[in-house]
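Here's the structure, in structure tokens; my notes come after.
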Amino acid sequence: MAATLRKAAINKFAGHSSRITELKEEIEVKKKQLQNLEDACDDIMLTDNDYLMIPHQISDVFISYSQEETQERLEEAKQNLQGETDALESRVKSIQRLLADLKVQLYANFGSNINFEAEES
């Protein structure tokens with residue numbers, strides 16, 4: 001019975017660790033997308049032509065908007081992306097708290113016979 005509980009705790013720890021890695025990768029992708037949006041906003045602000053129509057991609061289609069409309073849409077996209085990033089970071093912190101609790105339990109059962117640190121190559 002105790003061996004089954006230990007195995008379940010180890011599996012739970014491994015699953016959560018894997019999920020954190022996936023979430024961190026997703027956060028990095030979203031941060032790059034956010035930087036791209038910020039760069040686009042900066043580039044648009046540098047244009048002097050108020051009558052210039054700027055193509056804006058929506059899914060697979062490009063639609064032209066005025067400079068002001070494009071800036072508004074980019075700002076909205078930045079806010080949405082920042083919200084998604086914040087939610088992912090909150091999820092990572094939540095899982096990290098769970099992992100800390102699991103580590104305490106597993107160290108109590110296995111002592112120094114267990115190693116949770118990933119090997120760096």
Q: Evaluate the following for Asp86: is it within 30 Å of Ala2 (Cβ to Cβ), modelled with pLDDT of 90 or more and surrounded by fewer than 16 Cβ atoms within 10 Å (Cβ to Cβ)?
A: no
Q. What about Phe13, is it of a type in the set (Phe, Trp, Tyr) and surrounded by 14 or more Cβ atoms within 10 Å (Cβ to Cβ)?
A. yes
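Is it true that some residue in the stretch 97-111 is part of a helix (DSSP H, G or I), acidic (Asp, Glu) and under 27 Å from the mean Cα position of the chain (by Cα)? Please lay out each step first, then the result.
Applying the first criterion (part of a helix (DSSP H, G or I)) to the stretch 97-111 yields 97-111.
From what's left, acidic (Asp, Glu): 101.
Restricting the remaining residues to those that are under 27 Å from the mean Cα position of the chain (by Cα) gives 101.
The answer is yes, given that some residue of the stretch 97-111 is part of a helix (DSSP H, G or I), acidic (Asp, Glu) and under 27 Å from the mean Cα position of the chain (by Cα).
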(Q) Taking the conditions exactly as written (of a type in the set (Lys, Arg) and farther than 16 Å from Ser18 by Cβ), does Arg73 satisfy them or not? (A) yes
Q: Go through the residues of the stretch 90-97 one by one and say whether even a single one is at pLDDT 95 or above and touching a His at 6+ places or on another chain (Cβ under 7 Å).
A: yes
Q) Which pairs do you get when a residue that is farther than 19 Å from Gln33 by Cβ, found in the stretch 53-79, comes within reach of a residue that is basic (Lys, Arg), reach meaning Cβ atoms under 7 angstrom, with the pair 6+ apart or on two chains? A) Tyr65/Arg73
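Pull up the stretch 9-55, narrow it to residues that are among the β-branched types (Val, Ile, Thr) and either at pLDDT 90 or above or in a strand (DSSP E or B) (or both), then point me to the one that is nearest to the chain's Cα centre (by Cα).
Filtering the stretch 9-55 for residues that are among the β-branched types (Val, Ile, Thr) and either at pLDDT 90 or above or in a strand (DSSP E or B) (or both), the one nearest to the chain's Cα centre (by Cα) comes out as Ile27.
Would you call Glu68 among the charged types (D, E, K, R), under 24 Å from Leu23 (Cβ atoms) and either modelled with pLDDT of 90 or more or assigned to a helix (DSSP H, G or I) (or both)?
Details: among the charged types (D, E, K, R): yes; under 24 Å from Leu23 (Cβ atoms): no; either modelled with pLDDT of 90 or more or assigned to a helix (DSSP H, G or I) (or both): yes.
Judged against the criteria, Glu68 is not a match.
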Q) Tyr65: within 21 Å of Gly15 (Cα to Cα) and not aliphatic (A, V, I, L, M), yes or no? A) no
Q) Only one of (1) more than 14 Å from the chain's Cα centre (by Cα); (2) under 30 Å from Lys12 (Cβ atoms); (3) surrounded by 10 or more Cβ atoms within 10 Å (Cβ to Cβ) is not met by Glu75, so which one is it? A) (2)
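The values are calculated or read from the model by the stated rules, or taken from the named source; none is laboratory data. Everything numeric in this text was worked out from a predicted model, so none of it was measured. Quick reminder, even Gly has a Cβ in these numbers, built from the backbone with ideal geometry, and neighbours come from all protein chains shown.
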